[in-house]
Structures are given as structure tokens and as C-alpha cells.
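To start, the structure under review is shown below, and the notes come after it.
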Amino acid sequence: MDDYLVFQLYAPLAAWGGQAVGQERPTNDHPGRSALLGLLAAALGLKREQEQAHAQLRDACRFGIKLFSPGLMLRDFHTIQVPPGARKQQHLKTRRDELREPKLGTMLSFRSYRQDALCLVAALSSDADYGVERLADALLEPVFPLYLGRKSCPPAAPLDPEVIAAPDLRSALDSYCIAPVLARLQTGTPRYYWEAGMNTGMRHDYRAPRHDQPLSRRRWQFAPRDEYVFLGGE
Amino acid sequence: MTQFIQLHMLTAYPPSNLNRDDLGRPKTAIVGGTERLRISSQSLKRAWRTSEHFESALADFRGTRTKRLGEQVFEGLIEKGVSESKAKKWAAEIAGVFGKLKKDSFEIEQLAHVSPEERQAVENLVDTLANEDRAPEKEELNLLRKNPKAVDIALFGRMLASSPAYNVEAATQVAHAITVNQVKIEDDFFTAVDDLNTHEEDAGAGHMGDAGFSSGIFYQYICIDRDRLVENLQGDEELAQQAIAALVEAAAKVAPTGKQNSFASRAYTSYLLAEKGSQQPRSLSVAFLQAVRGGDLLGTAIQRLEQQRDNFDKVYGDCADQRCSLNAQTGEGSLQDIIDFVKA
């Protein structure tokens, strides 16, 4: 038996960033390791520059996910007006002042979101400093506001963290009850995702590489890892 | 424990196109399986940050609205014995910080809002320049816009890939505003007549085009991390209160500027619920997973929102410690009450 921290994640818009180059800012259909670690770190109040603490949290946690609905893709056209040539010390002004400059330019990007996606997350911790009880308390009263991938995606339901003792990942995830109001979002059979070295109680249908193991928040570096997937059913 | 301030608003916009996609059509989102109108987070923030309203709310009420700041600076410099040509140049540089100047002049084009602290800073700079007989440095000029600059960046953050030392984490989280009702984007086909066309050769229109629009009641959600805001403002509690008040006022009254000349779709919020507490903040958008329909859209939306708030409390325990609301449909509560509540 292991203690799993299980919580629900829902927002009308969520963004689980994939590899973003240039104008295209894509999203995956379920959260990656970096996103979940970031979420827990925000709840605990770890600042971006606390490299050591982030590394400790990263090494402590393993995650499994039950995806009720991957949601629909939204590709948002995003423009930013910018003063020409980004003059020296320009950033010391207010946005209103900045936009008074003559000859403003425009920066374009396409930011993708998932609409109405719903999933459950189960976390295991191997570090007493970041035990599941402490993480659960942090999610109930977070230090920093939480969000689902982008700051403009606040959770639209309490995460309702619960510590569940279960023989394996699947029974931990399956014994959690999502908020009734969210039940209507479920589409098809739930899928399961997890990382290497977890006692899962289910077979994996396939395994895929993901590039979301954070190495350094400050340098924004990520390492590859394998993700295991069960497509649901029996 | 962090103190969070959450704002939930219902704002009804008549036919409008406030925030457009790359085809010029109103932005949308699918929620609960139906199409809704959407105003993006960035669009809302831009409208609030750049509004006259936001700026004047931040200047103390004794603040000055003027075009003639440059003139005052010029006279001050001359009085202190600076040569006319230098005084002209420096006055233009200083006044230029507060607004765009008229061509070859130091008069500000539009009335600028100048707070007492800012006027004091300008006077101090004039003294320094006259004493040292030198031109103002860029850094000194930027420091003149003290309060609005500090508040703008403390609330909404700043990210500079090139110089991360200047990065500030935003204290405010603004969700995309999404309508509570299902919408169908309509197309307005329009023509423009060429008044000088005598119809002798060709009786067609001078221009043809189409414009997408729709209307709805938007659910807007804002979460302010009060502790972070005070920290971002170097512990200035009073300025933090002013910042929160300005944000609430702008959010309740200022609409994005998109297509306002064609639709005049300006709207004040009809319902606002403010909550304070250290519990995990959550929006109440699930109240509208099932699109609101029927006659009294606004009344139903308000009722659903309050019901959802109570249901979350019932199931998960209290999600906030204190609450305050205004309802412009029934005339209950006031914006001033909300501002006093969130400031405290």
C-alpha cells in the first residue's frame, strides 16, 4: 500500500505547453511533469529562483494521470503592441505610457489551449520534506495562486486534494470521486498516463517520449523521459 | 497564509466585436459543448491598464489634469537661470514623460494626470538640473512616473527575456471572459455608397465587406494575490490599497476598445461578487457549463452563480472567509462598498 495524493484539475481553458518555438505556442492534451511540479511548487510557495528546492521536489514526486476528457483545441491569435526598437529603459514605463510612443509595432503569436479538459492527478512522494499530507495542505491553502499551465487559466473547481492509501495507481485514481458538476464533461473511456517505476495495476498499451523533466527552471532546460499510456477499458 | 481577493463579474455586452481573431471575427470558446463569445485575458488587461480611468484612479484625488506641465517646468528653469534654449529642450523631455507632445512644443497633446508626488518629483528634478546645469538623464525621467508605473507593473507583472533582473511576477490573475449563453456569430454584410457616383456607367457600391458580431453576458474572473502585490510594491500598504481599488473600478467600468466606433458596446458590470480568504482560489465558471437560456438571462446567470458558490461551499467547505456583492439588476450594493471591502 502506498499513500497517493489525488486531486482534480478542471478549467474552461488550460494550456499544457509542449515544445514552443517562435510564434507557435502549442499545448498537449494532459499535463506534463513540469506543469504538475510547477503547480505543487506554487502551492508550496517556492519561487522560481529556488533551484535547490525545485530539484528536491522534482526528485521526490512521481505522477499518474487519469484523463476524463482531453477537451477541444483552441488556437488563440495573440497580438502584442510594442514600441519600436525596444529603447533602453523602456520597460520602466507603464503600459499606457509605452503605447503613447509613435510608430508602434506588433508581435504575433498563436497560443493553444484545451477547452473543457478534465483530469485527475495522483502524486507519490518519496521525500519526507514534501510528504503527500504537506502537499495536500498546500493545495488547500496555496501560497501563490494556482493555474492550469498559463496564468490566465485559473482552476474552476477546488482541487479537492485527498490522500488515498491504495495498492496501486489505478485503484488510487479510480477510488476518487470527481465533483458531480464536472461529471458531464467526461467523454468516452478515461485514459491513464504514468511514469517509469510506478506500481500501476494496469498494462501499458504504448509508451511515448516526453520532454518535460525539468533540469533547471532558471535556464529553462528539460530532459526527455518515457511516459506509459493505458487507453482504458479492461 | 496568503490573502486572496477574488472578483466574479457578470457584464452584459450588446452586439459587439470586442476582441478579434486573425480573420477579424469575435473570439470564441467551446464550453460545455456549446460555442461562447470570449474576450481574452490579455485584451481585458490591456483595456484596463491603458484606460484613462485606471491612471486617474491611481493619482490621488488632488492630482492635477494638465497640458501645461512643460510650460511650468520651462518657467521654473528660466527662473533659476538656465538658458532659454536648454530650458526649452529639457522642459520638452520632462513633459514628454507624461504624454505625447505637440509638434515643436512642450505642450502635452491631451490632458495628462499628474499626481502630487509626481509634481514634487518634477520640481526636485528641475532644481537638480538648474543647480548642476545639465540635461536630465533617461533614468531620472523614467523615475518621474512613480505611482502609476509601480502599480501597473506590480499588478500585471513584467517579463524581459533580455534582462531578467527587471522581471516582476504579476500579482493579478485574469481569466478569459466567456459568455454564460450560447452564441452564434452573425455576419453584418455592409456596403458603402460612393456619393459622387452618378450611376451613368456603374451603379454598384463603392465598398463591400462583412463584419462578425454577437452579444452576450460575460462571466469575468480575477484573482489578486494581495501579499504578492504588497511585496511587489516594497511593502507600501497604502499604495497596494489604491492599486486594488483602481483595478476593481477599471474592471467594473472599462470595456475593451475593439470596434467601439461601430458598436458603442460599452458596458458597466451588472453583478460583482468579491471574496476574501486564504483558501485555494477557484473561478465559478462551472455555473455556466450548461449554457444559460430563456427570458431573464441576467437574473438566471446571477442566480446560477450564487447557487454554484453555495454548492462549492457545501461540498468542499467554505471557499472564502468574507464576501460582498453588488447587483445592478435589483439595485443592491454599490461599487464603493465593494472597493471599501477589498481595500480593508
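The values are calculated or read from the model by the stated rules, or taken from the named source; none is laboratory data. Everything numeric in this text was worked out from a predicted model, so none of it was measured. We place every Cβ from the backbone using ideal geometry, glycine too, and count neighbours over all the protein chains shown. Protein only, heavy atoms only, side chains kept; ligands, DNA and RNA dropped before computing areas. Shrake-Rupley method; radii C 1.70, N 1.55, O 1.52, S 1.80 Å.
With Cβ to Cβ distances under 14 Å as the rule, what net charge do the other residues near B:Glu237 carry (K, R +1; D, E -1)? Summing Lys/Arg as +1 and Asp/Glu as -1 gives -1. The GNM of chain B, with springs linking C-alpha atoms under 10 angstrom apart, assigns the highest mean-square fluctuation among B:Thr64, B:Thr128, B:Thr198 to B:Thr198.
For peptide B:144-153, the mean count of partner chain Cβ atoms within 10 Å of a residue's Cβ comes to 3. Can you find, among B:Ser85, B:Ile153, B:Leu305, the residue farthest towards the positive end of the dipole of chain B? Put +1 on the C-beta of Lys and Arg, -1 on that of Asp and Glu. With unit charges placed on the Cβ atoms, the residue in question is B:Leu305. Normalised by the number of residues in the range B:118-225, the average gap of Cα pairs under 8 Å and 6 or more apart makes the relative contact order 24 percent. If you find the alpha carbon centre of the range B:216-245 and of the range B:22-77, how far apart are they in angstrom? Their Cα centres are 16 Å away from one another. Buried accessible surface for the A/B chain pair comes to about 4900 Å², total over both chains, computed with a 1.4 Å probe.
Amide H to amide H distances under 5 Å link B:Asp188 with B:Ala211, B:Gly212, B:Phe213, where only residues 5 or more positions off or on other chains count and H is placed in the peptide plane.
May I ask for the equivalent-ellipsoid semi-axes of the range A:93-234, computed as the square root of five times each C-alpha gyration tensor eigenvalue and listed largest first in whole Å?
Its equivalent ellipsoid spans semi-axes of 35, 20, 19 Å.
Our summary gives chain A a relative contact order of 32 percent, counting only alpha carbon pairs under 8 angstrom and 6 or more residues apart. Applied to the range B:239-251, the Karplus parametrisation 6.51 cos²θ - 1.76 cosθ + 1.60 on θ = phi - 60° returns per-residue 3J(HN,Hα) values of 5, 4, 5, 4, 5, 5, 4, 5, 5, 4, 5, 5, 5 Hz, with x for Gly and Pro. Dipole orientation for chain B: of the candidates B:His113, B:Ile338, B:Pro281, B:Pro281 has the Cα lying most toward the positive pole (charges on Cβ; Lys, Arg +1; Asp, Glu -1).
Rounded, prolate or oblate: which fits the protein assembly as shown when a ≥ b ≥ c are the square roots of the eigenvalues of the alpha-carbon gyration tensor, with rounded for a/c under 1.5 and prolate only if a/b beats b/c? It comes out prolate by the Cα gyration axes.
Amide hydrogen proximity for A:Phe68: with H placed 1.01 Å from N in the peptide plane, the residues at 5 or more positions away or on another chain lying under 5 Å are A:Leu118, A:Cys119, A:Leu120.
Peptide B:33-41 shows a mean partner chain C-beta count of 3 within 10 Å per residue C-beta. For B:Val292, the residues whose modelled amide H falls within less than 5 Å of its own, excluding neighbours fewer than 5 places apart on the same chain, are B:Asn181, B:Gln182.
Probe radius 1.4 Å, ligands and nucleic acids ignored: give me the carbon and sulfur share of the accessible area of chain B as a rounded percent. List each step's numbers first, then the result.
Numbers: 7370 of 15910 Å².
Ligands and nucleic acids excluded, carbon and sulfur reach 46 percent.
By the rule of a C-alpha distance below 20 Å, with chain neighbours fewer than 8 residues away ignored, the aspartates and glutamates paired with B:Lys259 are A:Asp76, B:Asp21, B:Asp22, B:Glu52, B:Glu186, B:Asp187, B:Asp188, B:Asp210.
Mind scanning B:Lys86/B:Lys138; A:Lys93/B:Lys89; B:Lys276/B:Lys343; B:Lys67/B:Lys102; B:Lys149/B:Lys253 and naming the pairs with a C-alpha gap bigger than 18 Å? Table pairs above 18 Å Cα-Cα are A:Lys93/B:Lys89; B:Lys149/B:Lys253. Computed from phi, the 3J(HN,Hα) profile of the range B:52-57 under the Karplus parametrisation 6.51, -1.76, 1.60 (θ = phi - 60°) reads 4, 4, 5, 5, 6, 5 Hz, with x in place of Gly and Pro. Scoring B:4-17, A:94-107, A:196-209 by mean Cβ neighbours within 10 Å over their residues and listing the highest first yields B:4-17, A:94-107, A:196-209. Peptide A:111-118 is shielded by partner chain Cβ atoms: per residue, an average of 2 of them sit within 10 Å of its Cβ. Please give every one of the lysines within straight-line cross-link reach of A:Lys47, meaning a C-alpha to C-alpha distance under 18 Å, and leave out same-chain neighbours fewer than 8 residues apart. The reachable lysines, counting only those whose Cα sits under 18 Å from A:Lys47, are A:Lys151.
For the range B:43-196, what is one quarter of the convex hull surface built on the Cα atoms, given in nm²?
Its Cα hull, projected and averaged over all orientations, spans 16.2 nm².
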